[in-house]
Structures are given as C-alpha cells and as structure tokens.
Amino acid sequence: MNIHEYQTKELLRGFGVPVPNGRVAHNVDNAATIAEDLGGERWVVKAQIHAGGRGKGGGVRVASSLEEVRQFTDEMIGTYLVTPQTGEQGRLVQRVLIEQACKINKEYYLGMVIDRATQRITVIASASGGMNIEEVAKTDPDRVIREAVDPAIGLAGFQCRKIAARMGLAGKQIGEAAKIMQALYRCFRDKDALLAEINPLAAIDEGRLMALDAKMSFDSNAMYRHSDIIELRDFDEEDVKEVEASGHGLNYIALDGDVGCIVNGAGLAMATMDAISFHKGRPANFLDVGGGASPEKVGNAFRIVLQDPNVKAILVNIFAGINRCDWIAEGLVQAMRDQDIQVPIVVRLAGTNVEKGAPILKASGFPFIMADNLDDAATKVVAVLEAAA
C-alpha cells in the first residue's frame, strides 16, 4: 500500500523528521490561500500522484508569485502527469502540495527497505541525492551506502554516525542526520513499512538538514494493525481491477500481457507465469483465488480478468488442497453461462476431487481445453494465441 508525499511527510513529522511547512490543495483558490498563509516569496507546487520522477514530467514547479502558484496549480490539477514510472498513459493529478521553497545547498539520499536476502531492515544512503539517484545506483554503485540493521538491537547510534560520515556530512550535520535516521527507522518499524525514502534529504540554510521529498509504502498484510494508515489509502491511485479483487478476497495484480491467469496459491501463480513466459507467452495478470474458492469467487475472478481488454486467452491452473476441483469446475461452468466468455480457456486441474471436477467440465458442453500438467497447460494456451494471430 502506497501513500502520497504530503501524507508521508505528516507521518514523518510525527516521528521527528524535519519537513517543510506545507499543505495540500485541491483547487486553484485553495492553493493560493495556502501559499499566502505560509508566507515567503517563493513556493513549490508539487503534483501528488503515486509515482516518482514527477520533476522530470513537469510535476514540480517553483513559483515566485501567488499568480504563478495559481497558474501551476491550474496546469497540474485535472491533467495526466507522465513520468518515467507512470507509463505513457500517465496519472491523473487531483491535488497538489504547496510548500515554502528552500534554498538547497546539497542534496543527499536516505532510504530504508526490507532486504529479503538478509531478512533485515537495511539503510540505503548516498551523497548523490535528487532526481537521478537511480542512474547513480546503476553507473556507480560504490556511491550507494548499505547498512543492515540487527532486529534484536535496532538501528544503533554508531551505525547512523558511520553512514552520515560516509555521506560526506560533518560537524553538527552528523548528529542531525543520526536523529533523522533514528526517526525514520522508528516510523518504518512501528508502521510495518516496506519502503521509506527521503530524496532529497537536503542541506538548506546554515547546513540544516530537511526532508524535501519523501515516500513510503506499507505491508498490506499488516494493515489490520494500523487503522491510521488504512485511512490514508487513495483508491483513485490504484488499478480499479485490483481494488475490486481485494473486495472479493482475491489477490490480483495487473500486468501487460495477453494471457489471463486464474490460479490458487501465490507460489503456483508465480510458477504459472514463469511457464507461460518460458513458452514465449506474456501473462496479463497475477491472480490467486486463495483457499476455499467457491463458484461465486471463481466467477468474480473471471469477470475481473476479462475487464482487461488485452486478455486473449485464460489459463486456469488449480492444484486443490483446501480447494476442491469440483468447486472450481462449477465456478468455471457458471462463469461461462453468466458472462458469455468468448476467449479460449485452458484448464489444468489436480488434487482434491479432481475425479469429480473434470467430468463437470466435459459435461458442460463448453469448449474448455483440458491440460494434463502445468507445462502442457502453458504450451496449449500459447499455441491457442499463436493460432489466432
């Protein structure tokens, strides 16, 4: 789960991270009023979408007058902002963040992630912050600092000071940076985050450090512990199909291929996508129907997958344990009756009640393409697409 920059900054402010004064605006008049209330002579107008690289797409502008605040806000709100992370379609801007502008002397990068290899929270930092940090990581990885955190101890003071020194900070900035790292770590840990990023962490007037931009994402499986974070969720920034799927207890992630996937179990779903790719096909989605998939749940899965106009065939791969193959078969038949599905459907069933499920499909009269195993299923679904091309 992702949240907006302005929400991230308010969250970090509560943990003691210094952030600029600012408020979010939903229209031109609101933006001008906020800028006037903040005072000063220059303001930053920042489009609020769940994507990075906004500056490269024109989503971050510095205004030198209230009229420019109005102008930039008007140019952003209601338009689709295209950045390197949004794709060609862009993201609709519905709000902007108005902040006091700061004079930047130096930009740094500071972030925290879950390192799956070490199974630890890991601090990532660099003396080269700003919009091109991804390029720095690619071309000069030695300039990126990594420090794993022992979960039994937490982020230690000596680690913070070591990271700060390697970032090129000196004097009182080392102490400031250490406090910011500790605060960011507490927020990351306490809120079950997967990513926290301050970019840039800027040295402004008199060398004071401030988080000028920030973003966070959280472990959706832990959100039952954090009602305050759930309230920050912006459904307009999420794929409509993914939102609907979550409401039906389905785990769905849209991809850019043409083979729809309906599978039970996350591991099997990943293996199914790998098999499709191995046979030169392209998965259109990840979809895990989970355990205890009722016919109704299977029908919802079909409806959500078919909302993607790129889907030209569907592969159903079920290895039933808690699930039952006859439930899945009944759901497939009911979906065909209710939804007038025209794309080819390849089905592989195995496990509990498979001897009952297969006859249900054969007796239905619908043209299901049966497969013996995963490799056979992937081969057949790719062959169907090639034949139709």
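Net charge in the neighbourhood of M167 (other residues with Cβ under 12 Å of its Cβ; Lys, Arg +1, Asp, Glu -1) is +2.
Each residue of the range 109-126 was assigned a 3J(HN,Hα) from its phi angle through the Karplus curve 6.51 cos²θ - 1.76 cosθ + 1.60 (θ = phi - 60°); the sequence is 10, 9, x, 9, 9, 8, 8, 5, 5, 9, 6, 9, 5, 10, 7, 10, 9, 7 Hz, with glycine and proline shown as x. Counting neighbouring Cβ atoms within 10 Å and putting the fewest first, the residues I230, I304 line up as I230, I304. Reported to the nearest whole Å, the Cα centre-to-centre distance from the range 25-91 to the range 286-331 is 42. Neighbour counts of other Cβ atoms within 10 Å put R189, R337 in the fewest-to-most order R337, R189.
A cut-off under 12 angstrom between Cβ atoms defines the neighbours of V82, and their net charge, with Lys, Arg +1 and Asp, Glu -1, is +2. Considering only Q89, A25, I180, the residue lying farthest towards the positive end of the dipole of the chain is I180, judged by Cα position with unit charges set on Cβ.
Basic side chains Lys and Arg get +1 at the Cβ, acidic Asp and Glu get -1 at the Cβ, and with that the dipole of the range 21-101 about its Cα centre reaches some 380 debye. Anisotropy class assigned to the range 239-388 is rounded, per the alpha carbon gyration tensor with a/c under the 1.5 cut-off.
Checking every one of the GluC sites (Glu not before Pro) in the range 54-90 against DSSP loop status and a limit of 15 other Cβ atoms within 10 Å picks out E88.
Footprinting exposure proxy ranking of H50, H248, fewest other C-beta atoms within 10 angstrom first, gives H248, H50. In a DSSP loop and with at most 12 other Cβ atoms within 10 Å, the trypsin sites (Lys or Arg not before Pro) in the range 76-163 are K103, R116. Computed about its Cα centre, the charge dipole of the range 239-388 is approximately 240 debye, with only Lys, Arg, Asp and Glu carrying charge at their Cβ. Under the convention that each Lys and Arg Cβ holds +1 and each Asp and Glu Cβ holds -1, the size of the dipole of the chain around its Cα centre is about 980 debye. One entry in (i) -0.32, -0.55, -1.14; (ii) -0.37, -0.63, -1.13; (iii) -0.26, -0.46, -1.20 is log10 I(q)/I(0) by the Debye sum over Cα atoms at q = 0.06, 0.08, 0.14 Å⁻¹ calculated from the shown coordinates; its label is (i).
Of the GluC sites (Glu not before Pro) found in the range 215-254, the ones in coil according to DSSP and having at most 11 other Cβ atoms within 10 Å of their Cβ are E231.
Quick note: the coordinates plus some simple rules give every number you see, no bench work behind them. None of the values given here were measured: they were computed from a predicted structure. We place every Cβ from the backbone using ideal geometry, glycine too, and count neighbours over all the protein chains shown.
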